[in-house]
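This report concerns only the one structure given below.
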There are 2 protein chains.
Amino acid sequence: MAEDRSGQTAVMFISERTGDDPEGYAVAAAAMDALAAEQPGYRGVDHVGSAEGQAITISYWADEASAVAWRKHPEHAETREMGRGRWYRWYMLHVAEIGRSYSWARP
Amino acid sequence: MAEDRSGQTAVMFISERTGDDPEGYAVAAAAMDALAAEQPGYRGVDHVGSAEGQAITISYWADEASAVAWRKHPEHAETREMGRGRWYRWYMLHVAEIGRSYSWARP
């Protein structure tokens, strides 16, 4: 909360799941969350999922190079293939550089 | 789906609601969605909300100037004040320029 992320690289991942294999998905998602958090340049994540299987995950990175390195990580690439094979109906991904951040919280 | 948003400005809005006044919130949210879509430079939106009241909304704009103009729109500013007064526990907002977009869909 309340973090200024100016200058960080955001990777927006917008997806819809097939609904197949929810247990396998959950195990893989938790493993990927943990592995991402260990990567150089990792700065955090925001994730919201709906009951209907749509989700938006935004991961934050120190710079574009660290985001690209995570994309190329062998375990991540392997899990991505499983995602295409089974868990996802579609996804979109946008890589962006954050120029400004605001936050507000109830006093 | 499958849109290349390279060069667009993304406004990431990450929020948690108080749970107060869900009907008022729903009416205002629908009105803001409709009004945003009429603004110059509007390019689309992705939104996911959870049952627990967390949400991520990403709106896409032709450029930073059109995103800033929407932020300053009088009706939007008025609704933002109502959001702070009643509907939101906290929110974060990041403005970013999209450098690269990918998408994938099940064949």
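The values are calculated or read from the model by the stated rules, or taken from the named source; none is laboratory data. Just so it is clear, the model here is predicted, and its values are computed rather than measured. For neighbour counting, all protein chains shown are included, and Cβ atoms are generated from backbone atoms with ideal geometry for every residue, glycine included. For accessibility, only protein heavy atoms count, side chains too; no ligands or nucleic acids. Shrake-Rupley method; radii C 1.70, N 1.55, O 1.52, S 1.80 Å.
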Query - Meets criteria (within 12 Å of another protein chain (Cβ to nearest Cβ), farther than 19 Å from B:Y102 by Cβ and in contact with a strand residue (DSSP E or B) (Cβ under 7 Å, 6 or more places away or on another chain)) for A:G7 - result: yes
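Working only within the stretch A:62-87, note down all residues that are in contact with an Asp or Glu (Cβ under 7 Å, 6 or more places away or on another chain) and open to solvent by less than 30 Å² (accessible area, probe 1.4 Å).
In the first step, residues of the stretch A:62-87 are kept if they are in contact with an Asp or Glu (Cβ under 7 Å, 6 or more places away or on another chain); the result is A:86-87.
Residue satisfying the conditions is A:W87 alone.
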Query raised in the report: Does at least one position in the stretch B:36-51 carry a residue that is at pLDDT below 95 and surrounded by fewer than 13 Cβ atoms within 10 Å (Cβ to Cβ)?
Result: yes
Query raised in the report: Looking only at the stretch B:55-75, which residues are part of a helix (DSSP H, G or I) and over 11 Å from the mean Cα position of the chain (by Cα)?
Result: B:E64, B:A65, B:S66, B:V68, B:A69, B:K72, B:P74, B:E75
Query - Matching option when the condition is open to solvent by less than 30 Å² (accessible area, probe 1.4 Å) and facing chain B (nearest Cβ under 8 Å), among A:S101, A:S59 - result: A:S101
Report summary line: The lone condition A:L35 fails out of (1) over 23 Å from B:P107 (Cβ atoms); (2) touching a strand residue (DSSP E or B) at 6+ places or on another chain (Cβ under 7 Å); (3) more than 10 Å from chain B (Cβ to nearest Cβ) is (2)
Query - Members of the stretch A:37-52 that are farther than 21 Å from B:S50 by Cβ and touching a residue at least 12 places away in the same chain (Cβ under 8 Å) - result: A:Q39, A:P40, A:G41, A:Y42, A:R43
Report summary line: Within the stretch B:81-95, restricting to residues that are touching a strand residue (DSSP E or B) at 6+ places or on another chain (Cβ under 9 Å) and part of a helix (DSSP H, G or I), the one that is modelled with the highest pLDDT is B:W87
**Report entry** A:R106, sole failed condition from (1) modelled with pLDDT of 95 or more; (2) within 19 Å of B:Y91 (Cα to Cα); (3) touching a Phe, Trp or Tyr at 6+ places or on another chain (Cβ under 9 Å)
**Finding:** (1)
